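The values are calculated or read from the model by the stated rules, or taken from the named source; none is laboratory data. Given the structure is predicted, the values throughout are model-derived calculations rather than measurements. Note that we place each Cβ from the backbone using ideal geometry, even for glycine, and neighbour counts take in every protein chain shown. Just the protein is used for accessible areas: all its heavy atoms, side chains included, with ligands, DNA and RNA removed. Shrake-Rupley method; radii C 1.70, N 1.55, O 1.52, S 1.80 Å.
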Amino acid sequence: MEHEFGIFGGQSGVYILPLLHRLEVPLIVTLHTILKTPSYNEKAILREICKMAQKIVVMSHKATEFLTSIYDVPKEKIALIEHGVPDIHFNPEESKKEFKLENKKVLLTFGFVGRNKGIETVIKALPKVVAKHPDVIYIVLGKTHPNVLRHSGEEYRIFLMRLVKNLQLEKHVLFLNEFIDERDLFKYLYACDIYITPYLNEAQITSGTLSYAVGVGAAVLSTPYWHAEELLADGRGRLFNFNNSGELATILIALLEHPEEMNKLKKKALEFGVKITWPKTGERYLALAQKTLKEERQVIAKKDTALDLLILPPFSLTHINRLTDDTGIIQHAKFGIPNLKEGYCLDDNSRALLMVLMPTGRLRTCEHLNSPPSI
């Protein structure tokens, strides 16, 4: 099971639990998001999932730390398998030539675009960089996130484009508003000189884009969110503080003026990247599955689901009254608000009639049911 809170239905993805309770085979769960400050429901649901799982796969040491200290998951249940990357290779010079970038120093950020990505931090750093290195171009590759489009349209992209214009960087920033296939994406990764993830806050336990960049051996710069601090340690990349365009500009200029330092970053990244290609991570998942099948499965006792009537709230017809008018009970509601455009249906009114008779302790005989009760 691949778990992300936004995948499954119900509050915080609670609808997945009944399915897991009915499983009769071992369960391995890969967790893509582990919250440091979960809500009550988020914590309860994730703890229940971890309780039913034979093994839990995480992609960073920070995730292991959170599971054990916040969610009380036994450490022996947790397996660390880093985020994998496709085993795709291109020649950097040929990739640059294909995109007509052979005379440019290429900075790259890719992925869904939204305000949390902090792209403005890079744009604001560029004037100082371009003043010394006029051959620099910054490519922002990716479409606006669908959820952002739904709620805000292209407001953030327009903000970035205006910022570029105000800073007179039109010749140095390129927005590619498209979703490209995997092979073309890797061509851009190999064509870039420096890859940047300027995210705005630390609360990111896993970043696929960062893993891809390290996987191809790019020189990577990033803000110190959780995954970046871990993945770029030991000289595999460089960190700059959140929203700190000045610090980023200083690092960029230093690397562009000292290509030997940039090459050191690339070498360290590639040494790690060859260990996390999909064939390698696939072998680790396969080994984990084989090991799990050999282990004795922990049987989770089924909870008694009988309700304790003493803990139920007092019976109330308030909501039924709210949903009912002179015609009958409204068919649907949005939480506590009757949705009048949905109208009425016979079966709902029949059930409502039976329900309002129950508080009396008896159902009246059919001769008394000719007229609906007043609610």
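General remarks:
- Any hit, the stretch 329-351, residues being farther than 30 Å from M52 by Cα, of a type in the set (V, I, T), under 41 Å from the mean Cα position of the chain (by Cα) and at pLDDT 90 or above: yes
- Among the residues of the stretch 167-198, those that are more than 21 Å from I251 (Cβ to Cβ) and of a type in the set (D, E, K, R) comprise E170, K171, E178, D181, E182, R183, D184, K187.
- Residue match in the stretch 280-302 (condition: of a type outside the set (F, W, Y), in contact with a His (Cβ under 9 Å, 6 or more places away or on another chain), open to solvent by 70 Å² or more (accessible area, probe 1.4 Å) and modelled with pLDDT under 85): yes
- Candidates L101, L67, L19, L107 - the one that is in contact (Cβ under 8 Å) with a residue 24 or more places away in the chain and in a helix (DSSP H, G or I): L67
- Looking across the stretch 114-137, just one residue is in a helix (DSSP H, G or I), among the small types (G, A, S) and open to solvent by less than 10 Å² (accessible area, probe 1.4 Å), and that is A125.
- The test for being assigned to a loop (DSSP other than H, G, I, E, B) and within 24 Å of I81 (Cα to Cα) holds for T37.
- Every pair of residues 6+ apart whose Cβ atoms lie under 6 Å, when the first sits in the stretch 252-268 and is of a type in the set (D, E) while the second is surrounded by 15 or more Cβ atoms within 10 Å (Cβ to Cβ): E261/L255
- V140 passes every criterion in (1) within 29 Å of S245 (Cα to Cα); (2) over 20 Å from the mean Cα position of the chain (by Cα); (3) open to solvent by less than 30 Å² (accessible area, probe 1.4 Å) apart from (2).
- Pairs where the first residue, in the stretch 171-200, is under 14 Å from G142 (Cα atoms) and of a type in the set (D, E, K, R) and the second is open to solvent by 50 Å² or more (accessible area, probe 1.4 Å) and outside any strand (DSSP E or B), C-beta under 8 Å, 6+ apart: E178/K143
- Considered as a group, the residues in the stretch 230-254 that are assigned to a loop (DSSP other than H, G, I, E, B) and of a type in the set (S, T, N, Q) include one that is least open to solvent (accessible area, probe 1.4 Å), and that residue is N244.
- In the set G111, G84, G153, only one residue is of a type in the set (G, A, S) and surrounded by fewer than 15 Cβ atoms within 10 Å (Cβ to Cβ); that residue is G153.
- Residues in the stretch 176-220 that are among the acidic types (D, E) and either assigned to a loop (DSSP other than H, G, I, E, B) or over 21 Å from L101 (Cα atoms) (or both): E178, D181, D193, E202.
- Screening Y40 on (1) of a type in the set (F, W, Y); (2) without any contact (Cβ under 8 Å) to a residue 12 or more places away in the chain; (3) open to solvent by less than 60 Å² (accessible area, probe 1.4 Å) shows it passes everything except condition (3).
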